[in-house]
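So the structure is just underneath, and the comments pick up after that.
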Amino acid sequence: MADRLKNVIFQTLQRTVSRADFDWLQDRLEQDDAARQTYLTAVHVSEHLDQQAVDASGKPTPSDAPGADAMSTPLSIGRQTSESTPVMHWVLVAVAANIIALAGITWYARTHYAPSRTERDSVLPDDAMATSSAPDASSSFAAGDSDTTTERLIAGHATLRRAIDIRWPKGNSGLHEGDVLTNGTLQFDSGVAEIDFFCGATLIVEGPAKLNLESDWSAEVFLGRLRANVPPVARGFTVKAADAQIVDQGTEFALQVTPDAACVEVLRGQVEIRSTDTPARQLRTGQRHWLKGSASSASDFHDLVTNDDVQRRRHTAQSDRLADWRNHIRQLRRDERLIALYTADAIDRSAESSDESLRRMFNQVGAPDERDGVLVGPVERVSGRFGNESKGLDFSRTGARVRTRTDGQYGAFTFACWARIDGLDHVYNALFLADGYENGEPHWQIDQDGRLLFSVMVDDTPGTGLGGHPQARFHHLYKTRPFWNDSNRNQWFHLVAVYDPPNRRVTQYVNGDIVGDEVIQPKFHVQDLRIGPAEIGNWGQPLRNSPWFAVRNLNGQIDELAIYDAALDANAIQSLYQQGKPLGY
């Protein structure tokens, strides 16, 4: 065993390690208390060596190896003495070699595949959380953030602030409000889009429209009618059309482009028209200029959409959308396959502003109050996905949760919820988690990489899990491809997990589209499903013997969650998404 450990470490350092050996090494570090203690000791010895080396020569030390700074830890243990002897010298050299190897592991994980604990099939009593009573016990073997962590980058020049009644071209899934817009073509058949460029300029574009976003400071229009508002901070913003450039001087102008004509009119302030064929021309308030065509061409800006118009139309459309959704819920709750249907809105229920009613997430299935979720901790009622007239629940504060209890035995599961994610702050971010995670019970969450994770406990007997840990239990995590990144903050998503034992398949969806589809292997097959006590948006009651608990509260909101005793098909999932999607989707 010791020889294999040495070989795998050096293979990792040489970047020749296999995926299987790398997983084995990670498991060894995570599950072996002696290995972790050795690691902690090595960290402090490494610090001692660093200082000795710097004091002696000022040259780079082993801690300059990639990832070495990630080895520091707040846990304190006994330090080695600073007395130097020949024997101690070689001990320190040996330990330093181990430090370099461990640093190599961290660097290799960052620059290659960096498998996480979510990729393994075994689980500790609280789902891979360390069982030590120390609150940061896992920090001794987790490669954390460091000063050399690569900063995440997002490409884009603008955001879609509001979208009213937009119809996207056939075959185009379209954009959502809040989406970051990259360079390239933006096209829609009808409706109104309000676009905020990062320089500060705003375009209100009426469809049918086609334009090309070139940079933070420019766009080219091929078709459509728009109003451009350019504050002083965005002076120089340029709109191109019909082989001409409209350079704004901090003002407001209108533009209409058709296949046969293009006309610009200054609504307020001044713009400069530049063209390769004619000298630059200044236009002031009230002046109009044809870039293509002539005054005989149809061009009328009297009914051009204003910002107030967008606000008013959006409010009306939002109210209509909310009414449609409430009717949809009334129809949906007749589905006998539903186990529970939780909403933050009290649809057709008494919603008096008593503290008791405000501490409920309403179950729309069955008799009133049956299986209602109870708000616990700092859960806040906020606006839901249909604006101020609808309700949602915010779980962003540690301890926030909704407690539920669902008794019974089931043959399949479909979990579907609408969630707004403001950040993925934790290794695991809860959607719906059964308390004890015992045989047949589900866990549904999102990992730090933005992937949906669904699992059902196969065997909760301690020691049955992979890896040999005495407390490990046996299950499998069904993962999707990443669906969320920082550009998606504050956006609503329809998330679905379908667990289908009869057909031995787990399928997961985001906004009606499949993002994960995996066969249930025989060793992970579970037929008898149950839920019992569980939580929405957190996990605070696992089987544990200390006051420490995993921090998994969702940094975001949930305003609807449905649980079915059935495996819904793709058409049913798409219908749920279409019926429930908010304005701008």
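The values are calculated or read from the model by the stated rules, or taken from the named source; none is laboratory data. Computed from a predicted structure; not experimentally measured. Note: ideal-geometry Cβ built from the backbone for every residue, glycine included; neighbour counts use all protein chains shown.
Remarks
- In the stretch 399-426, the residues that are surrounded by 19 or more Cβ atoms within 10 Å (Cβ to Cβ) and assigned to a loop (DSSP other than H, G, I, E, B): Ala400, Leu424
- Tally of residues being farther than 12 Å from Tyr342 by Cβ, part of a loop (DSSP other than H, G, I, E, B) and out of contact with any Phe, Trp or Tyr (no Cβ under 6 Å at 6 or more places or on another chain) across the stretch 371-398: 8
- Some residue of the stretch 548-563 being part of a strand (DSSP E or B), in contact with a helix residue (DSSP H, G or I) (Cβ under 9 Å, 6 or more places away or on another chain), at pLDDT 95 or above and not acidic (Asp, Glu): yes
- Among the conditions (1) part of a loop (DSSP other than H, G, I, E, B); (2) at pLDDT 85 or above; (3) surrounded by fewer than 14 Cβ atoms within 10 Å (Cβ to Cβ), the only one that Asn327 does not satisfy is (1).
Condition check ((1) under 30 Å from Gln311 (Cα atoms); (2) touching a Ser or Thr at 6+ places or on another chain (Cβ under 7 Å); (3) modelled with pLDDT of 95 or more) across all residues:
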residue: Ser487; (1), (2), (3): yes, no, no
residue: Gly512; (1), (2), (3): yes, no, yes
residue: Gly540; (1), (2), (3): no, no, no
residue: Ala566; (1), (2), (3): no, yes, yes
residue: Gly584; (1), (2), (3): yes, no, no
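- Residue among Leu495, Leu576 that is modelled with pLDDT of 95 or more and either more than 19 Å from Leu433 (Cα to Cα) or outside the structural domain of His475 (by TED's automatic domain parsing) (or both): Leu576
- Subset of the stretch 179-213 that is crowded, with 18+ Cβ neighbours inside 10 Å and farther than 23 Å from Leu304 by Cα - its residue that is modelled with the lowest pLDDT: Asp179
- Candidate set from the stretch 234-257 (those that are among the polar types (S, T, N, Q) and surrounded by 19 or more Cβ atoms within 10 Å (Cβ to Cβ)); member that is nearest to Glu214 (Cα to Cα): Thr238
- Gln256 falls short on exactly one of the conditions (1) in contact with a Cys (Cβ under 9 Å, 6 or more places away or on another chain); (2) closer than 30 Å to Glu389 by Cα; (3) among the polar types (S, T, N, Q), and that condition is (2).
- Flag if Pro502 is modelled with pLDDT of 95 or more, farther than 30 Å from Val180 by Cβ, in a loop (DSSP other than H, G, I, E, B) and not hydroxyl-bearing (Ser, Thr, Tyr): yes
- Options Leu431, Leu477, Leu453: the member that is touching a Cys at 6+ places or on another chain (Cβ under 9 Å) and at negative phi: Leu431
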